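Let me begin by presenting the structure, written as structure tokens, before commenting on it.
The values are calculated or read from the model by the stated rules, or taken from the named source; none is laboratory data. Small disclaimer: the values here were computed from a predicted structure and weren't measured. Glycine gets a Cβ as well: all are built from the backbone with ideal geometry, and neighbour counts include every protein chain shown. Note: areas computed on protein heavy atoms with side chains; ligands, DNA, RNA excluded. Shrake-Rupley method; radii C 1.70, N 1.55, O 1.52, S 1.80 Å.
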Amino acid sequence: MPETAGQTFIHTPTPGLPEFDYIKPASLTAASQFLAEHAGEARPFMGGTDVFVRMRDGFWTEKYIVNVKGLDGMNDVTFDPTTGLTIGASVNMNRLIASLEVKEHYPLLAEAAHTVASYQLRTRATLVGNICNASPAGDTIGACMVLDGTLHIHGVDGMRKEPLSTFFVGPGQTVLKPGDIATAITFPIPPAGYAAKYIKLGRNAIGDLAIVGVTALGFPDRGAPSGYRVRLALASVAPIPLVPTQAEAILAEKPITEATINEAAQAAMDASTPIDDVRGSARYRKLMVKNLTRRAVTQVWEQIRE
Amino acid sequence: MAFHRITLTVNGEIELVDVPSNMTLLQLLRDKLVLTGTKNGCAAGECGACTVILDGEPVNSCMVLAAECDGAQVITVEGLAHDGTLDPVQETIIEQGGVQCGFCTPGILISARALLDRNVDPSDYEIRDALVGNLCRCTGYLRIIDAVREAASRAS
Amino acid sequence: MVSKEMASVKIPDLIGKSVPRLDARDKVTGAARFADDLQFGPGLLYARIKRSPFPHAIIKSIDISKAQALPGVKAVVTGKDFPGFIGLYLLDRHIFCRDRVRYVGDPVAGVAAVSEEIAEKAVELIQVDYEVLEPVLDPEFGASPDAPLVHPDLSEYEVVPFILPRAGTNISNHFKIRKGDADGVWNSGQCAAVVERKYRVPHVQHVPIEPHVAIAQVNEGGTVTLWGSSQSPFAQRNLIAKTLGISQSDMRVIAPYVGGGFGSKAGVSMEALAVAIAMKTKGRPVKLRLTREEEFYTVFVRQGLVAYFKMGCDENGRLLAMENKFYWDGGAYTEYGVNMTRAAGYSSSGPYEVPHVKTDSYCVYTNHPVSGPMRGFGMPEMHAGLEQCIDDLAEAIGIDPAEFRKINCLKTDSILVTGSKMHATGLPQCVQEVIRAIDWGRKEPPSAPHKRRGKGIALMWKAPAMPPNAGSSAWVELNEDATVTLGVGGQEIGQGTFTAMAQMAAAALGVPYDWVRVAAPVDTQYSPYEWQTVASRLTWSMGNAVVNAARDARRQVIELVAEAWDEDPEDLDIVAGEVISYKSEESISLKDIVVYGLPKPNDSGWMGGPVVGRGTFMPTYVTGLDPETGQGERAVVHYTTGAQAVEVEVDMQTGAVEVLRAVAAFDVGKAINPELVKSQMEGGFVQGLSTALFESLQLKDGVLQNPSFVDYRIATSSDAPADIHAIIVEVPQDDGPWGARGIGEHSMVPTIPAIANAIYDAIGVRPGPPPFTAEKVYLAMLDAAIAE
Ligand SMILES: Cc1cc2nc3c(=O)[nH]c(=O)nc-3n(C[C@H](O)[C@H](O)[C@H](O)COP(=O)(O)OP(=O)(O)OC[C@H]3O[C@@H](n4cnc5c(N)ncnc54)[C@H](O)[C@@H]3O)c2cc1C
Ligand code: FES
Ligand code: FES
């Protein structure tokens, strides 16, 4: 149980997981129904790599832990040259990284997923879990956003779609309602001639959570005054995964030069509202947003300029 | 709390066990099946000492519910050697001096075996990347990395 | 003494040979048993501990009634049940707090139940009423008269003679050096350059991958058995027995393989809790296993340090004087802190000859976690500042830092800070070797335009810090087939001591290495006495005992055969398991004689019998030091010395530091097993690197903010440098087995300053206290207007 001394929180997880009932529904309909009927006391899980940690820490105390893996089509990765990519919610990150279609058409997804934790954790962790967990530090969320991902949700009222742009509400909070189960995430065919990059700054060379993460995806676009568009997403610098729209606008409007990139990087920095935590201070985070946005955009720009 | 009757195969042996909902695969292996080679270093997915191969892929067994393992195939460090013949990574980690206290070793060996199963000729970077979830406080890692490289070169 | 004599004979082939570890096969197959792996059957109870959420408070009342009423709970204990004090040098704590809590995590009550879950629930049901007191959160403030007292009863505590607490303060030990006249040097203006610096070193944790585990059982007659992850079975036996008021012989400690110790499993920490709880469970064994989070904040930490250095040299770069002041953050209790304070004092010149030294080293009680020993025993913390200061002084006088170290480093017969003479040392060679191996003075181009490279060097020295009379013992027993069972009380904690001991026993006896088995686990009921597995003392001290035991067995065998063959024992030898005569050229296999003896001629009876050799070792020559001046004839048994150099690259856009390669040279006297020695140098370097770049216990108002591997990062496989070049220097120790001295701890002592100096070389800025995180380095560069 979390305990406090005055204002200070003391981290005292239990040796094992608290008591709960493990539920494995036979169908999506049954799963949604169970979750809706037990609103507030049931939680779906995929890899469980967030769920088990939070339950052991005592932050989450649900009575029912519902395994929603592998229900109707959730286990597949499919690619269609006209409509794009579908990643079933239970596809773990290692499978995603190894997928040839992902490698060929959406290498950014693999690049971002590869920075999550360790190989053995990625055997369990899923992309959809990373998104639904809605941590501002989630490493794959930026990639999913700049690739224009859409979550497919099965709820008590049937299927619906949720674009990521409006999915996140706060740290750990999303628009999902009791009974909602994300079944897949789909991505359209990426823009022609695009290049993308995820830069993660952690404390260790690899394997740490992000102090700051910057995702950039750029592509030629005649409709933009600069001839290009660059989509950006920032991790660990705001209560939700942050899209610095001002920075994107600068890169669309002004001819892309070193100075423009600097200006956009500055705008990204200005848009971020990070906090101090054990990984880094707000001040450093803001400075790194600037430097790493510049680095990511420059690298992308070098690949897409012609 | 609900109990679940599950059947799983561990190191080639079929096991039938009743497990409570909140039991992890790590607890099942250590406390029920007395396969204590798999270690508990954090119970939070962070240290890798509990790594086992589940249906062909390495996992942190502290991050898997036992109840989920009905029908699963599990390989632990106890299952790496066959008829007294060590797995090549077991041999090379001894030769290269990659074992000190030995507490991380079971998890390291499992991660290394899994790496070599999916990549017969890993680069140094790939070896380091595959071991990043296996903390070792004693060796400084270099001899472990040498051992994995050596095991790969022996296999080819 | 063993090796004066031995040094003159030929060193056996086995000594200096890298035989494989004898525990390796068990460790790679999962067969090796650690404390948590032992099986106790369904009678086993599980313990959990109620801990203080406050850094400093008075316990007003404890209500355990709800916990006691919970089904499945078998015992609830509090400080009321155990009045005795416990402590290694200074007896300053109770097993469970009685009237006052002094750090967040201080044990207040303990529960035993039929499952860990029930025990945990019971702990939540215990209600403790506190009156919160003002905490002491900084050692320098803590030493001042304004600080609230953490131990108002300090003057009443029992203490060993060489530790000097100051009643009415928070100072649990004050160690002084007054050598020559440092004040005189400053006042006379003899120095061509003087630098003054202040350094802070944060608390860090040992982070063995195996968390602490203890299982205790108290039988009806009151005898106690403790199974634990322990570096110090004998010290635990002694200290716990004393606290409980039972005989040492009624307290048995069994210590299987230890999954990494680094000091955290030395002395007594959580083990006493398990024993105390087991006293109330009517013979049922009780297991206490710390969670990783508890491992971070409830067991010994490496203490924090605030250090002031003032150093001066003449125009040729010769050190003239040093004035040092150390405030050690000893935490709530001081299991080892008081002696680290002393060790830092008598080593406060660093590995340099300095004619005038004034040092004040204070161990200060604070309301931080309990200070314990950690690999290096104060030396990594002290050298962290000292070796950066040396660099700054070299710069101030305009001499290359490596050259400056060559000029000033200790040589054989140098006068030490305590007034005695340095024994034979290979430190100058170590310096030479690392300078060569790192291509000192050559600057390589960085790997990218936004990066800069630099090289740094640091030296070290360290003595085993222990009571003057810490002893070792061993036995060597020969079996029917002439295999050898070697009994030792030192612990295999990963360093490879069982292997080195088997090697030494085999070499001294004259049998092949693979004939030797170590009697494990160490069990105080059967194993011979060993003070503790600490201080890098086993190869030397326990090694001497083992060699003595093996030579005793050898003597018995040779005397028997000499009598049987009617030869002079001088003409006999044992080689590869055969007794041979150089004179008569006869030979006989050991296995024919070591248990059953030999028949006398003409069927007239038998002679000999089972062969058991015994050996002990205890240094007898360590003297006390004058309490006012710290001067004395011989402060310590010996010093291991060495040097490291590193090459780093700094990212000017993020501040991230990458250690590209490292070289290390240590004078180990004689490497019994060179690969094991190099393994220590590598592993120690990476642990040092980890403390230099990543680690600190982030304490906020006494509460640890990062008690998990996610928040407290240690070096991973991705952080180890591409290459660590380990160089062995061998200048024999006069009383070490074949000249050997220790290496385990030393390998991480110079790493923080070597990396700090390399960062400075790369960017011209010092980023402040370790860890040199990307953030710290970047912000320092920003202040210096060199960041990109
Ligand atoms: C040691 C460790 C290191 C980590 N390192 C990183 C890292 O470097 N970067 C990073 O981004 N993350 C990291 N994580 C966090 C975690 O691994 C990721 O967020 C992961 O992607 C979560 O996926 P999962 O499938 O395990 O999610 P789960 O734990 O199963 O679920 C996460 C959340 O999503 C909800 N959820 C899951 N599935 C569904 C569904 N189908 N429909 C609706 N809601 C659902 C759950 O209820 C829960 O709230 C780390 C975790 C650990 C334990
Ligand atoms: S015990 Fe599972 S990762 Fe540490
Ligand atoms: S060998 Fe001790 S943790 Fe790796």
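Looking at B:A49 and the list (1) open to solvent by 10 Å² or more (accessible area, probe 1.4 Å); (2) within 16 Å of ligand 3 (Cβ to nearest atom); (3) aliphatic (A, V, I, L, M), which single condition is not satisfied?
(1)
Please find, within the stretch B:106-135, the residue that is nearest to the other protein chains (Cβ to nearest Cβ) out of those that are open to solvent by 20 Å² or more (accessible area, probe 1.4 Å) and not in a helix (DSSP H, G or I).
In this case the residue turns out to be B:N119.
Just to be sure before I move on: is A:R231 closer than 18 Å to A:T140 by Cα and of a type outside the set (D, E) in the structure I sent?
Spelling it out, A:R231 is indeed closer than 18 Å to A:T140 by Cα and of a type outside the set (D, E).
Within the stretch C:574-610, can you find the residues that are open to solvent by 70 Å² or more (accessible area, probe 1.4 Å) and hydrophobic (A, V, I, L, M, F, W, C)?
Answer for the stretch C:574-610, where residues must be open to solvent by 70 Å² or more (accessible area, probe 1.4 Å) and hydrophobic (A, V, I, L, M, F, W, C): just C:W606.
For the stretch C:694-707, enumerate the residues that are open to solvent by 10 Å² or more (accessible area, probe 1.4 Å) and within 8 Å of another protein chain (Cβ to nearest Cβ).
Once the filter is applied, which keeps residues that are open to solvent by 10 Å² or more (accessible area, probe 1.4 Å) and within 8 Å of another protein chain (Cβ to nearest Cβ), the stretch C:694-707 yields C:F694, C:Q698, C:K700, C:D701, C:L704, C:Q705.
Which residues, taken from the stretch C:83-111, are assigned to a strand (DSSP E or B), of a type in the set (V, I, T) and either open to solvent by 20 Å² or more (accessible area, probe 1.4 Å) or over 15 Å from C:A276 (Cα atoms) (or both)?
Residue satisfying the conditions is C:V101 alone.
Show the residue pairs that are 6+ apart or on different chains and have beta-carbon atoms under 6 Å apart, the first residue being within the stretch C:306-327 and in the same structural domain as C:G630 (by TED's automatic domain parsing) and farther than 18 Å from C:F175 by Cβ, the second being surrounded by 21 or more Cβ atoms within 10 Å (Cβ to Cβ) and of a type in the set (S, T, N, Q).
Qualifying pairs under 6 Å: C:L319/C:N408.
Can you tell which of C:A67, C:A119, C:A75 is in a strand (DSSP E or B) and either open to solvent by less than 20 Å² (accessible area, probe 1.4 Å) or under 20 Å from C:I277 (Cα atoms) (or both)?
Step by step, each of C:A67, C:A119, C:A75 is checked, and only C:A75 is in a strand (DSSP E or B) and either open to solvent by less than 20 Å² (accessible area, probe 1.4 Å) or under 20 Å from C:I277 (Cα atoms) (or both).
Does C:L133 satisfy being in contact with a His (Cβ under 6 Å, 6 or more places away or on another chain), open to solvent by 30 Å² or more (accessible area, probe 1.4 Å) and within 14 Å of chain A (Cβ to nearest Cβ)?
So C:L133 fits the description; yes.
For the stretch C:46-62, how many residues are open to solvent by less than 30 Å² (accessible area, probe 1.4 Å), facing chain A (nearest Cβ under 10 Å) and under 16 Å from C:R102 (Cα atoms)? Spell out how you get there, then give the answer.
As a first pass, look at the stretch C:46-62 and keep what is open to solvent by less than 30 Å² (accessible area, probe 1.4 Å): C:47-53, C:55-57, C:59.
Okay, now just the ones that are also facing chain A (nearest Cβ under 10 Å), so C:48, C:51-53, C:55, C:57.
This time we only want the ones that are under 16 Å from C:R102 (Cα atoms), so: C:51-53, C:55, C:57.
The qualifying residues number 5.
Identify, please: which residue in the stretch B:92-101 is more than 8 Å from every other protein chain (Cβ to nearest Cβ) and not β-branched (V, I, T) and is, among those, surrounded by the fewest Cβ atoms within 10 Å (Cβ to Cβ)?
So, considering only residues that are more than 8 Å from every other protein chain (Cβ to nearest Cβ) and not β-branched (V, I, T), the one surrounded by the fewest Cβ atoms within 10 Å (Cβ to Cβ) is B:Q96.
Restricting attention to the stretch C:246-279, which residues are basic (K, R) and either within 14 Å of chain B (Cβ to nearest Cβ) or within 22 Å of C:N339 (Cβ to Cβ) (or both)?
Step one: filter the stretch C:246-279 for residues basic (K, R), giving C:252, C:265.
C:K265 - this is the single residue of the stretch C:246-279 that is basic (K, R) and either within 14 Å of chain B (Cβ to nearest Cβ) or within 22 Å of C:N339 (Cβ to Cβ) (or both).
Yes/no per residue for (1) open to solvent by 10 Å² or more (accessible area, probe 1.4 Å); (2) under 30 Å from B:R5 (Cβ atoms); (3) more than 7 Å from every other protein chain (Cβ to nearest Cβ); (4) within 16 Å of ligand 1 (Cβ to nearest atom):
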site	(1), (2), (3), (4)
B:S61	no, yes, yes, yes
B:L65	no, yes, no, yes
B:Q73	yes, yes, yes, no
B:E78	yes, yes, no, no
B:D83	yes, no, yes, no
B:Q90	no, no, no, no
B:F103	no, no, no, no
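Among (1) buried (at least 24 other Cβ atoms within 10 Å of the Cβ); (2) within 14 Å of ligand 2 (Cβ to nearest atom); (3) not in a helix (DSSP H, G or I), which single condition is B:C138 missing?
Of everything listed in (1) buried (at least 24 other Cβ atoms within 10 Å of the Cβ); (2) within 14 Å of ligand 2 (Cβ to nearest atom); (3) not in a helix (DSSP H, G or I), B:C138 misses just condition (2).
With the requirement that a residue be over 30 Å from the mean Cα position of the chain (by Cα) and assigned to a loop (DSSP other than H, G, I, E, B), what does the stretch C:764-788 give you?
Within the stretch C:764-788, C:G764, C:V765, C:A784, C:A785, C:I786, C:A787, C:E788 qualify.
Quick one: which residue in C:V258, C:V253 is in contact with a Lys or Arg (Cβ under 7 Å, 6 or more places away or on another chain), among the β-branched types (V, I, T) and within 16 Å of ligand 3 (Cβ to nearest atom)? Outline the logic, then answer.
Values: C:V253 fails: within 16 Å of ligand 3 (Cβ to nearest atom).
It is C:V258.
If you take the residues of the stretch C:398-424 that are open to solvent by 10 Å² or more (accessible area, probe 1.4 Å), β-branched (V, I, T) and part of a loop (DSSP other than H, G, I, E, B), which of them is farthest from C:W461 (Cα to Cα)?
Per the criteria, the residue is C:I399.
Could you figure out which of (1) open to solvent by 10 Å² or more (accessible area, probe 1.4 Å); (2) in a loop (DSSP other than H, G, I, E, B) isn't true of C:H725?
(2)
Out of the residues in the stretch C:23-39 meeting the condition of being acidic (D, E) and more than 23 Å from the chain's Cα centre (by Cα), tell me which one is farthest from the other protein chains (Cβ to nearest Cβ).
Selected residue: C:D26.
In the stretch C:176-199, is there at least one residue being part of a loop (DSSP other than H, G, I, E, B), open to solvent by 20 Å² or more (accessible area, probe 1.4 Å) and either touching a helix residue (DSSP H, G or I) at 6+ places or on another chain (Cβ under 8 Å) or in the same structural domain as C:I64 (by TED's automatic domain parsing) (or both)?
Scanning the stretch C:176-199 turns up at least one residue that is part of a loop (DSSP other than H, G, I, E, B), open to solvent by 20 Å² or more (accessible area, probe 1.4 Å) and either touching a helix residue (DSSP H, G or I) at 6+ places or on another chain (Cβ under 8 Å) or in the same structural domain as C:I64 (by TED's automatic domain parsing) (or both).
State whether the residues of the stretch B:32-45 include one that is among the basic types (K, R), closer than 27 Å to C:V710 by Cα and under 12 Å from the mean Cα position of the chain (by Cα).
Yes, some residue in the stretch B:32-45 is among the basic types (K, R), closer than 27 Å to C:V710 by Cα and under 12 Å from the mean Cα position of the chain (by Cα).
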